[in-house]
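Contents: one structure, followed by commentary.
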Amino acid sequence: MNLLLLEDADFITTDRALLRGRRLQHLHEVHRAETGDTLRVGRLDGLMGTGKILQLGSDQAEIQIELNQPPPAKLPLTLLLAMPRPKMLRRVLQTVSSMGVPRLVLLNSYRVEKSFWQTPFLHPEAIREQLILGLEQARDTVLPEVIIEKRFKPFVEDRLPQLAAGSLALVGHPGEYPECPRAVNQAVTLAIGPEGGWIPYEIDLLQGAGMTPVQLGQRILRVETAVTALLARLF
Ligand code: SAM
């Protein structure tokens, strides 16, 4: 936790907050914080700044807050991700949030196991929890938007062209395709496939919606590694 992220409910006055639970435990166990220490803080969907610990106990901490700095800019990106298996979903949500992705679409695909859609990790509260961990890691305050699309064809045919309009629209796909561009200077829509990869029919539909397949070399990367590698290369 590189940023103590505060929510509206934590504030007892405009510039004082009370902490309990996970974040308090983190202050004690990781930061080994003491009364009088100053921490980096942020307000969810708001500014960042500093917090001075006024009182630190085993059940709560009172912190004086000064917020004066905007959060970092997000990437100009919409990321489409074939729904990963639940364990990976949690990690990918943190990565996406840490890397500054403003909008994530979790998409069905032929090689996504149906059971993945039943996971409790897809509940809005569970998604939010992972996104917040990512924001705390990266020092950001603004939650990404997460859209769930359980029907591939209608999404790609009816919604994707509009979503991707005006952006560089790419689909990560290992094979004999152009190399993924580097350090682009424009908005991007990027699709990353499931563990088993996209099937040819899906690539055809994605191309029909204006997306170009690109590759990162011969090495087949895990989904979470592909997310990081593709974003690092593009931006
Ligand atoms: N056997 C699958 C295939 O050949 O497509 C591997 C899928 S990979 C585990 C999951 C996703 O990560 C892919 O669908 C692609 O979007 C992305 N990916 C992984 N390695 C890649 C590479 N070398 N080039 C481009 N995309 C890659």
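Per-residue extension of 0.36 nm, minus the Cα-Cα distance of ARG32 and GLU157, leaves a gain of 39.7 nm for this segment. Using the Cβ-Cβ distance between ALA187 and LYS87 with R0 = 22 Å, the FRET efficiency computed as 1/(1 + (r/R0)^6) comes to roughly 0.10.
Both radii were evaluated on the Cα set of the stretch 74-134; the Rg over Rh quotient, with Rh as the Kirkwood radius, amounts to 0.96.
Taking the inverse of the mean 1/r over every pair of distinct Cα atoms in the stretch 4-69 gives a Kirkwood hydrodynamic radius of 11.5 Å. Taking other residues whose beta carbon is less than 12 angstrom from the beta carbon of HIS26, and scoring Lys, Arg as +1 and Asp, Glu as -1, yields +2. The residues of the chain have, on average, 51 Å² of accessible surface per residue, using a 1.4 Å probe with all protein chains present. Answer with one residue from VAL30, GLN69, THR50: the one whose Cα lies farthest towards the positive end of the charge dipole of the stretch 4-69, charges on Cβ with Lys, Arg +1 and Asp, Glu -1. My answer, from the dipole projection, is VAL30. Computed on protein heavy atoms with a 1.4 Å probe, the accessible areas place VAL184, VAL105 in the order VAL184, VAL105, largest first. One chain, two ends: GLN55 and GLU145. Fully extended at 0.36 nm per residue, the span grows by 28.9 nm beyond their Cα-Cα distance. Extent along the principal axes, Cα only, for the chain: 60, 38, 33 Å, with the longest axis given first. At GLU113 and ARG222, where each label point lies 7 Å from the Cα along Cα→Cβ, what is the point-to-point distance in nanometres? Result: 1.6 nm between the two label points. If you plug the beta carbon distance of ARG22 and ASP204 into 1/(1 + (r/R0)^6) with R0 = 30 Å, you get a FRET efficiency near 0.05. Quick one: angle between helix 223-234 and the longest Cα principal axis of the chain, in degrees between 0 and 90, rounded to 10, please. Tilt of helix 223-234: around 90 degrees. Taken one residue at a time, the phi angles of the stretch 50-64 give Karplus couplings (6.51, -1.76, 1.60, θ = phi - 60°) of 10, x, 9, 6, 8, 8, 10, x, 7, 10, 7, 10, 10, 10, 8 Hz. Gly and Pro are set to x. Of all DSSP beta bridges confined to the chain, the antiparallel ones make up roughly 40%. The angle between the Cα long axis of helix 124-138 and the longest principal axis of the Cα atoms of the chain comes to about 70 degrees, rounded to the nearest 10. A simple count of charges around TRP117, restricted to other residues whose Cβ falls under 12 Å of its Cβ and scoring Lys, Arg +1 and Asp, Glu -1, yields +2. Here is how the number arises for the chain: DSSP H runs of 4 or more residues each give -39500 (n - 2.57), the sum is divided by the residue count, and the result at 222 nm is -8000 deg cm²/dmol. When each of the peptides 129-140, 13-24 is scored by how many other beta carbons lie within 10 Å of its residues on average, the order from highest to lowest is 129-140, 13-24. The Cα center of the stretch 51-119 and the Cα center of the stretch 166-235 differ in position by 21 Å.
For the stretch 77-234, which whole percent of the accessible surface, found with a 1.4 angstrom probe, sits on carbon and sulfur atoms? So the carbon and sulfur contribution to the accessible surface is 50 percent. Taking only the Cα atoms of the stretch 138-235, the ratio Rg/Rh comes out at 0.95, with Rh defined as the Kirkwood radius.
Summing charges over all other residues whose Cβ lies under 14 Å from the Cβ of ARG40, with Lys and Arg as +1 and Asp and Glu as -1, gives 0. In the chain, the longest principal axis of the Cα atoms and the axis of helix 86-99 are about 70 degrees apart.
The values are calculated or read from the model by the stated rules, or taken from the named source; none is laboratory data. Because the structure is a prediction, the values reported are computed rather than measured. For neighbour counting, all protein chains shown are included, and Cβ atoms are generated from backbone atoms with ideal geometry for every residue, glycine included. Remember, those area values only see protein heavy atoms, side chains included, never the ligands or the DNA or RNA. Shrake-Rupley method; radii C 1.70, N 1.55, O 1.52, S 1.80 Å.
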